[in-house]
Every structure is written in structure tokens, then in C-alpha cells.
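Shown next, in C-alpha cells, is the structure this report addresses.
Read the figures in this text as sums done on the coordinates, not as results from a lab. Predicted, not measured: the structure shown is a model, and the values here were computed from it. A quick note on method: Cβ atoms are made from the backbone with ideal geometry, for glycine too, and the neighbour counts reach across all protein chains shown.
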Amino acid sequence: MTELPLVLAMTGASGAGFAIRLLQCLRHAGIPVQLTYSDAALQVLRTELGLRIESCETEFRPELFGLDGAAPWWQRLSDSPPPDLGPQVQPEAPVEVYAVNDLSSPIASGSHLTRGMIICPCSGNTLSAVARAAASNLIHRAADVHLKERRPLVLVTRETPLSTPQLENMAAVSRFGATVLPASPGWYHGVRSIYDLIDFIVARILDQFRIPHQLTSRWGTLAKEE
Ligand SMILES: Cc1cc2nc3c(=O)[nH]c(=O)nc-3n(C[C@H](O)[C@H](O)[C@H](O)COP(=O)(O)O)c2cc1C
């Protein structure tokens, strides 16, 4: 049986590096991805990583995401590339891109089967829409579909400090069945570079879907220091 696709939505919270590294890992793992992004996400991708993607872009071109070619996604974050992802066991799967205002796309319907959905990074605005079942764009609608179909939905939120409405929205989506996975990395695994922080979060996201990876060591296998 062919693998079900995973929906990945990028919204306008800070932390674009988490999203691109995640996309890189999903492709490496051979997971088909159905991708959509808000206009604010494109602004953050440009501000933080220098990636210039137009909202009308619906053909997946890896170079636009810094995953191929002369301008890699990490060049503003580090002098060196991220750690290698290890041997590629599965062939790379396709990435399909849907415009955020295309409410007729497959992911807008519960009849379209998916493995689940990740919103990474997830803005307070999108969190609020998910908490209220607002469906005014494709990201909100797809999230609502995942809730109603009782499929995994992971929200990688990023904001600090958190307002009371945001805290209440997090509690609400958690009650409705979503997983709130704040972009808040641990520091106990021997942090030496920005990739240790990025990969900590990406590993936790992949774990939610039981996608194998070698991004970080697991607690219990780490050497304990005096
Ligand atoms: C560079 C930049 C960084 C931002 N960082 C955050 C953030 O970390 N968290 C957040 O909730 N909103 C953040 N925002 C604001 C959101 O982008 C804004 O609320 C937007 O309306 C979200 O729209 P969306 O949910 O459709 O992506 C940021 C905006 C910009 C331009």
C-alpha cells in the first residue's frame, strides 16, 4: 500500500528553520508531503532564512526552500551545514503544494486520507483559528478536518510570553485532540550548535508520527556528566 501523505502547513510564527529542516527530514524519510503556507509564513521565511517564495507558487521546487542549489536554507544560521541525515532507506516521495486560499484542494476534505497534519511553525493567529474551528483559509480548514476526522494534528507554536487567550486556545485545541508541541528545545543533550536546538524539536515532531530518524540521542542513551 502506498504511504499516506502528511500535511505540513507553515504559518507566520518565528522559527522557519524548524519547518525547512522538518521538510528536509520528511523527504529523506520518503514521506509524501502536502504542503501549504500562509502569506505571513512567506514573510518569515524571507526575513529569517532569506528564502523568496511567491504565494502563487504551487509547483514544488526544492531550490526555493533552500534544499537544493547554490543558496542553502541554513546559510544565515550557521557557517556549516546541518548534520547528515544518515542513509536514505526510502526513495524520496513527492511534495505537493497547495495555495492557502485554494479551499477546493484535497486537504480541505475529510474524504481525502492523510497520515496527519503538522502546523510548523504555528502562529497565535492560526492557533486561535484552530481553537474556534474557523476555516477561512486552507490551513484552518485542513486543521479542522483533522480534528473532525480524529487524525493526528500537531501544532508547533512559538510565542513568548504567552497571553491568557493563547494559553486558553492551547488548552482548547489540546482538549479537542490536537498536540501542542511548543518550539521550545531542551538543552540537556549537549548543545553545541544551532542544529542541536533545531533537531531537538524536529525529532519530537517526527516521533509524534513514529517516523524513524537519527537526529538526536534519546534520554537513557546519553552519557551522564558529573
Ligand atoms: C518576522 C515575523 C515574526 C513573527 N513571529 C511570530 C511568532 O513567533 N509568533 C506568532 O504568533 N506570531 C508571529 N508573527 C506574527 C504573525 O506572522 C501574524 O500574526 C500573522 O497574522 C500570522 O498569520 P498566519 O497565522 O496566517 O500565518 C511574526 C511576524 C513576523 C513578520
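Mind computing the radius of gyration and Dmax over the alpha-carbon atoms of the chain? Å is fine for both.
My reading of the Cα-based Rg and Dmax gives 16.9, 57 Å.
So, with +1 on the Cβ of K and R and -1 on the Cβ of D and E, and no other charges, what is the size of the charge dipole of the chain about its Cα centre, to the nearest 20 debye? Mind showing how you got there, number by number?
Working: 19 positive and 22 negative charges, 124 e Å.
The calculation lands at about 600 debye.
Just how many % of Cα pairs in the range 37-101 lie over 15 Å apart, if you round to the nearest whole percent?
Numbers: 1265 of 2080 pairs.
More than 15 Å apart: 61 percent of the Cα pairs in the range 37-101.
Placing +1 at every Lys and Arg Cβ and -1 at every Asp and Glu Cβ, with all other atoms neutral, what dipole size does the range 1-101 have around its Cα centre, in debye to the nearest 20? Could you put the intermediate results ahead of the total?
Working: 6 positive and 12 negative charges, 43 e Å.
So the magnitude is around 200 debye.
Quick one: Debye curve from the C-alpha atoms of the range 118-226, no solvent, what's log10 I(q)/I(0) at q = 0.18 Å⁻¹?
Values, matching the q order: -0.91.
Based on DSSP H runs of at least 4 residues, each adding -39500 (n - 2.57), what is the mean residue ellipticity at 222 nm of the chain after dividing by all its residues, to the nearest 500 deg cm²/dmol? Intermediate results must be reported in sequence, preceding the final value.
Working: 6 runs with 70 residues, N = 226.
Result for the chain, helices only: -9500 deg cm²/dmol.
Could you give me D for the range 1-117, from Stokes-Einstein at 37 °C and 0.692 mPa s, where the hydrodynamic radius is the Kirkwood radius over C-alpha pairs? Units µm² s⁻¹, please. Please list the in-between numbers first.
Details: Rh = 14.9 Å.
Estimated diffusion coefficient is 220 µm²/s.
Would you mind ranking Cys122, Cys56, Cys25 by Cβ crowding within 10 Å, fewest neighbours first? Each step should come with its number before you reach the end.
Working: Cys122 31, Cys56 6, Cys25 21.
Ascending Cβ contact count within 10 Å gives the list Cys56, Cys25, Cys122.
Which of Met117, Met10, Met170 has the fewest other C-beta atoms within 10 Å, and how do the rest follow up to the most?
In increasing order of surrounding Cβ atoms, one gets Met170, Met117, Met10.
Over the range 26-102, what is the relative contact order in percent, taking alpha-carbon pairs closer than 8 angstrom and at least six residues apart? List each step's numbers first, then the result.
Values: 96 pairs, mean separation 37.9, N = 77.
Result for the range 26-102 is 49 percent.
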